[in-house]
1. Restricting attention to segment 365-411, which residues are in contact with a Phe, Trp or Tyr (Cβ under 6 Å, 6 or more places away or on another chain) and closer than 18 Å to residue 438 by Cβ?
2. I'm trying to understand the selection: among the residues of segment 280-300, which are of a type outside the set (Lys, Arg) and in contact with a strand residue (DSSP E or B) (Cβ under 9 Å, 6 or more places away or on another chain)?
3. Against the conditions (1) of a type in the set (S, T, N, Q); (2) crowded, with 23+ Cβ neighbours inside 10 Å; (3) within 11 Å of the ligand (Cβ to nearest atom), where does residue 20 fall short? Just the number, please.
4. Considering only residues of segment 23-47 that are assigned to a loop (DSSP other than H, G, I, E, B) and modelled with pLDDT of 95 or more, which is nearest to the ligand (Cβ to nearest atom)?
5. Mind listing whichever residues of segment 421-440 are among the small types (Gly, Ala, Ser) and out of contact with any Asp or Glu (no Cβ under 7 Å at 6 or more places or on another chain)?
6. Which helices (runs of 4 or more DSSP H) does segment 211-298 wholly contain that include 1 or more residues that are under 12 Å from the mean Cα position of the chain (by Cα)?
7. Taking residue 207, is it more than 23 Å from residue 282 (Cβ to Cβ), crowded, with 18+ Cβ neighbours inside 10 Å, within 16 Å of the ligand (Cβ to nearest atom) and not charged (D, E, K, R)?
8. Return the pairs, sorted by first residue and then second, in which the second residue is outside any loop (DSSP other than H, G, I, E, B) and of a type in the set (Phe, Trp, Tyr), the first residue lies in segment 376-404 and is under 27 Å from residue 339 (Cβ atoms), the beta carbons are less than 8 Å apart, and the residues are 6+ apart or on different chains.
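The values are calculated or read from the model by the stated rules, or taken from the named source; none is laboratory data. Here the structure is a predicted model, which is why all the values come from computation and not from measurement. Glycine also receives a Cβ, built like all others from the backbone with ideal geometry; neighbour counts cover every protein chain displayed.
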Amino acid sequence: MSVRVRFAPSNTGFLHMGNTRTALFNYLFARNQGGTFVLRIEDTDQARSEERFADAIVEALEWLGMSPDEGPYRQMDRADRYVETVAELLEKGAAYKCFCTPEELEAMREKAAAEGRKPKYDGTWRDRTDHPEGEPYVVRIKMPQEGSITVDDLVQGSVTVDVEELDDFIIQRSDGTPTYNFVVVVDDVDMEITHVIRGADHLNNTFRQVPVYEALGATTPAFAHLPLIDGLSKRKGSASVQDYRDAGFLPEAVMNYLSRLGWSHGDQEIFSPQELCDLFGFDSVGRSPSSFDEDKFRWVNTEWMKRLEPAELATRWVPFLKNAGFEVEVDETLVAIVELMRERAATLVELTEESRYFFTDEFEYDEKAVKKWIKEGGRPVVEELIQRLEKLDTWDADSVGGVYKSLGKDREVGMAKMAQPTRISLTGSTSSPSVFDLVATFSKDEALRRLRRGLADLF
Ligand code: GLU
């Protein structure tokens, strides 16, 4: 039997982190098992569903490298199938028409409340055949009347509910539309889903859904209800995949970080997408809630900024630079900038900020740095530095370093007295990477131009 899983978001919002984790675990399980990952957009809530959200979900999965193998299927395209299935269940006697009026249902609720019971439909129409002509009705499913329902969940273990807790719930409303717990099962049966992987908040629905599989004469799939994620507040985590993408997070980091919300593999923290596919399994998914930690997420992203090939990271960086108004292409210089600067940034947006001075010479000199490092007597040494750099034939960090070191020795000046004025001239401040690398990453012409400009502006 080949594994088929589905990710079934409703298109009532963007793909946020909680749902992305559900998508990820489905995707990883499918890849691990050589199975099929299906996308189903649950769009039956017409009032709240929007096309742009469906598009955004597809786009987000694509950016993550988790595009579905099948789908997106749309529930709205399947309306006839639901009507047909309700008719079949009525025919079989597995479901029935209920003609209770809203007043009767209200009386039922009040009676239960007065007797201190949970409100529950009492089965009035379950076995009646005296159907009133032309009156509105809903269709209810016949739930088992005794015993219990046990779900052997791959994550939650064996969970049992007494059927007393459940009532004959509505599968078709009086306007003919089907309800959620019904369509999910019809879809999962038709799509031959073998493993239903979703948030633990759906566990209660599962007890209602299991009898529907039975009524349809279908095999119940395996279930895996993923632990909840704490700390997904309005501010954090409820941000969408696209928000994180635009903030300069890498898809590898999103997958890596989210995989660890519930799943683990020893103490290992950093996993490539391929490793995740190879290692993932429900044996290592815990039951307790995990918590969303933005700082840790940033740390994982920092790690991925360091791990990608510099040319690859440069390619991903270009759109951010364009956004900031810098028209650049991936070339040797950009790759060199990436190598030099990436350790100083947690995201591609921060990398842009940290590296601005490579792309523009329009910056203010940092006043404090100027005050501290630019001294009247320092001018001759910077002049000589420029002269010596002008004579260099090879322009790399070693040759540049050689110039600084020999000048320091010859004139008996400390490195900082040359390095800090250099940094200020080239970048506007003293916070930049190793000065030899910095100088060598600029072209010779540009480095010297800025040094000369600094000499004129600062001293
Ligand atoms: N549409 C449901 C949701 O977005 C998921 C249903 C399911 O996975 O069974 O929460």
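1. So in segment 365-411, the residues in contact with a Phe, Trp or Tyr (Cβ under 6 Å, 6 or more places away or on another chain) come out as 379, 397, 400-401.
Within segment 365-411, 397, 400, 401 qualify.
2. If we filter segment 280-300 for residues that are of a type outside the set (Lys, Arg), which is where we start, we get 280-286, 288-295, 297, 299-300.
Selection gives 280, 281, 282, 284, 285, 286, 289, 290, 291, 292.
3. Only one criterion in (1) of a type in the set (S, T, N, Q); (2) crowded, with 23+ Cβ neighbours inside 10 Å; (3) within 11 Å of the ligand (Cβ to nearest atom) is unmet by residue 20, namely (3).
4. Pass one, segment 23-47, residues assigned to a loop (DSSP other than H, G, I, E, B): 34-35, 43-47.
Remaining after also requiring modelled with pLDDT of 95 or more: 34-35.
Working: 34: 22, 35: 16 Å.
Going through the qualifying residues, I end up with 35.
5. Matches in segment 421-440: 425, 431, 432, 434.
6. On the way: elements: 241-246, 251-259, 273-279.
Because the criterion is at least 1 residues that are under 12 Å from the mean Cα position of the chain (by Cα), the helices (runs of 4 or more DSSP H) in segment 211-298 that meet it are 241-246, 251-259.
7. Here the answer is no, as residue 207 does not meet what is asked.
8. 385/404; 397/436; 398/436; 400/436; 401/436; 404/436
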